[in-house]
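Asker: Here it is, the structure, as structure tokens.
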Amino acid sequence: MVVKVGVAKLGNIASGVMAELLLDERADREDMQTFMATSGTKLEPADVDRVVSNLIAYKPDFCIVVSPNGVLPGPTGAREKLAAAGFPVVIITDDVTTKKEWEGVKASKFGYIIMKADSMIGARREFLDPVEMSDYNGNLVKVLALTGAFRKMQVALDKVIDQVKAGKKGDAIELPKIIMTTDKAVDGEFTNPFALAKARAAHEIAMAVAGQNVKGCFMTKEWEKYIPIVASAHEMMRSAVVLCDEARELEKAGDSILRQAHKKDGMLVAKKKLVAKFE
């Protein structure tokens, strides 16, 4: 069978840029297909409703709703409408575990993957132009990829696909409930202990970026003060990328880069030697 995965991309976080691409990295899987509908940069009700109606028309086997601040009314309404239409839903969002609505999400039937290092951008007009926005998102994608956070997200979604292939439907599907901490992101990714240390540091820095951007975007009113704050947050993310590059180079030197690829039938195969066939 071909599993139909519906992806609702509401607004933007780095995990949303890559969510469906991680499931079919060479565009040759024959066991699943994805359909992605997006609200663009906005989270307004009309934009969200358009996305939901398109996904319902697609009739997926399950849905992924990816957005910043997944407890906002827009993302909340989207997942509730999709669930009411009978579709299992996995939420992918940045860190909402400190918000009052989190307990409700945690206790709900929705699956979730909380990407703690997918930190908000420094969205101050005096600082953030299209180039700066692109640079930040590129750095963040790299940090989430090279620390292992994206792999863990991808594997969790693959497990949902496998359950559908095995005949499970609706509430019978066990959905992931994951908080992507540093420990979880880096687990099993590195052979060299110094590479592991650098990746851990990178993920911790990326998580801390959110605090600085919240301070610069919402807590500081004077432009002379908030511009350096958000600029420093972006410099932190750039430092995290440098650490990730260093970690990967150490793994390359030991010929120990972990590669896990999808076969056409969706099976994951793995290897660590560059010049070698998959297991």
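Values in this text are rule-based calculations from the coordinates and carry no lab data. None of the values given here were measured: they were computed from a predicted structure. Neighbour counts are summed over all protein chains in view; Cβ atoms, including those assigned to glycine, are modelled from backbone coordinates with ideal geometry.
Asker: May I ask you to derive the FRET efficiency for Ala261 and Glu101 from their Cβ-Cβ distance with R0 = 51 Å, giving the value to the nearest 0.05?
Answerer: Working: r = 38 Å, r/R0 = 0.74.
According to the calculation, E is roughly 0.85.
Asker: Calculate the length of the line joining the C-alpha centroid of the stretch 254-279 to that of the stretch 9-41, in whole Å.
Answerer: With the stretch 254-279 and the stretch 9-41 each reduced to a Cα centre, they are spaced 22 Å.
Asker: Answer with one residue from Ile56, Gln212, Met180: the one whose Cα lies farthest towards the positive end of the charge dipole of the chain, charges on Cβ with Lys, Arg +1 and Asp, Glu -1.
Answerer: Ile56
Asker: Amide H neighbours of Ile179 under 5 Å, counting only residues 5+ apart in sequence or on other chains, H built in-plane at 1.01 Å?
Answerer: Ile114
Asker: Based on other C-beta atoms within 10 Å, arrange Leu243, Leu10 from fewest to most. Could the numbers behind the result be given before it?
Answerer: Working: Leu243 23, Leu10 31.
Lowest count first: Leu243, Leu10.
Asker: Oh, and also: Through the Karplus equation 6.51 cos²θ - 1.76 cosθ + 1.60, θ set to phi - 60°, convert the phi angles of the stretch 249-263 into ³J(HN,Hα) values in whole Hz; use x for Gly and Pro.
Answerer: 5, 5, 5, 4, 4, x, 6, 10, 5, 7, 10, 10, 10, 8, 7
Asker: According to the square roots a ≥ b ≥ c of the eigenvalues of the Cα gyration tensor, what is the shape class of the stretch 81-206, taking rounded for a/c under 1.5, prolate for a/b larger than b/c otherwise, and oblate for the remainder? Before the final figure, lay out the partial values.
Answerer: On the way: a/c = 2.09, a/b = 1.38, b/c = 1.52.
Oblate is the answer for the stretch 81-206, as a/c is 1.5 or above yet b/c matches or exceeds a/b.
Asker: Applying the Karplus parametrisation 6.51 cos²θ - 1.76 cosθ + 1.60 with θ = phi - 60° to the phi angles of the stretch 69-77, what ³J(HN,Hα) value in whole Hz is obtained for each residue in order, glycine and proline being reported as x?
Answerer: Per residue, the Karplus-derived 3J(HN,Hα) values read 6, x, 9, 5, x, x, x, 4, x Hz.
Asker: What value, in deg cm²/dmol to 500, does the helix sum -39500 (n - 2.57) over DSSP H runs of n ≥ 4 give at 222 nm once divided by the residues of the chain?
Answerer: Details: 9 runs with 130 residues, N = 279.
Helices in the chain give a 222 nm mean residue ellipticity of -15000 deg cm²/dmol.
Asker: Sequence-distant or interchain residues sharing an amide H contact under 5 Å with Met36, placed H: which?
Answerer: Val7
Asker: Pick out, in residue order, every one of the GluC sites (Glu not before Pro) in the stretch 7-99 that is DSSP loop and has at most 12 other C-beta atoms within 10 Å; say none if there are none. All intermediate terms of the calculation are to be shown ahead of the outcome.
Answerer: Working: sites: Glu20, Glu25, Glu30, Glu80; in loops: Glu20, Glu25, Glu30.
Answer by residue number: Glu30.
Asker: Per the Cauchy relation, a quarter of the hull surface: what is the mean projected area of the convex hull of the alpha carbons in the stretch 221-279, in nm²?
Answerer: Numbers: hull surface 26.7 nm².
Mean projected area for the stretch 221-279: 6.7 nm², to one decimal.
Asker: To continue, here is another question. Classify the stretch 145-226 from the C-alpha gyration tensor, please: rounded if a/c falls under 1.5, else prolate or oblate depending on whether a/b exceeds b/c. Write down the numbers at each step before the final one.
Answerer: Numbers: a/c = 4.50, a/b = 1.59, b/c = 2.83.
Oblate.
Asker: If I build a Gaussian network model for the chain, linking alpha-carbon pairs within less than 10 angstrom, which residue out of Arg125, Arg151, Arg29 has the largest mean-square fluctuation?
Answerer: Per the Cα network of the chain with a 10 Å cutoff, Arg125 tops the list.
Asker: Mind listing the phi-derived Karplus ³J(HN,Hα) values for the stretch 8-21, rounded to whole Hz, using 6.51, -1.76 and 1.60 with θ = phi - 60°, and x for any glycine or proline?
Answerer: 9, 9, 10, x, 9, 9, 4, 5, x, 4, 10, 3, 6, 5
Asker: Along the charge dipole of the stretch 189-271, pointing to its positive end and built from +1/-1 on Cβ of Lys, Arg, Asp and Glu, which listed residue (Trp223, Gln260, Phe194) has its Cα farthest out?
Answerer: Value: Gln260.
Asker: Specify whether the C-alpha gyration tensor of the stretch 1-89 places it in the rounded, prolate or oblate class, a ≥ b ≥ c being the square roots of the eigenvalues: rounded for a/c under 1.5, otherwise prolate if a/b is larger than b/c and oblate if not.
Answerer: Details: a/c = 2.20, a/b = 1.38, b/c = 1.59.
Here the stretch 1-89 falls in the oblate category.
Asker: Further, regarding this structure: Computed over the Cα atoms of the chain, what is the ratio Rg over Rh, Rh following Kirkwood? Kindly include the intermediate steps, with their values, before the conclusion.
Answerer: Numbers: Rg = 19.0 Å, Rh = 19.5 Å.
Ratio of gyration radius to Kirkwood radius for the chain: 0.97.
Asker: Hey, with R₀ at 30 Å, roughly what FRET efficiency would Lys272 and Ala166 work out to, going by the Cβ-Cβ distance, to 0.05? Show your work: numbers first, answer last.
Answerer: Details: r = 29 Å, r/R0 = 0.96.
Computed FRET efficiency for Lys272 and Ala166 comes out at 0.55.
Asker: Take the chain, connect every pair of alpha-carbon atoms lying under 10 Å apart with a spring to form a Gaussian network, then pick out the residue of Ser67, Ser15, Ser39 with the largest mean-square fluctuation.
Answerer: Greatest mean-square fluctuation among the candidates belongs to Ser39.
Asker: Could you identify which residue out of Glu101, Glu126, Glu44 has the top mean-square fluctuation in a GNM of the chain using Cα springs shorter than 10 Å?
Answerer: Glu126
Asker: While we're looking at this one, here's another question. Could you tell me the center-to-center distance, by alpha carbons, between the stretch 160-176 and the stretch 80-120 in angstrom?
Answerer: If you average the Cα positions of each part, the centres end up 18 Å apart.
Asker: Please give the charge dipole size of the chain, origin at the Cα centre, charges +1 on K and R Cβ atoms and -1 on D and E Cβ atoms. Round to the nearest 20 debye. All intermediate terms of the calculation are to be shown ahead of the outcome.
Answerer: Details: 40 positive and 38 negative charges, 108 e Å.
Result for the chain is approximately 520 debye, rounded to the nearest 20.
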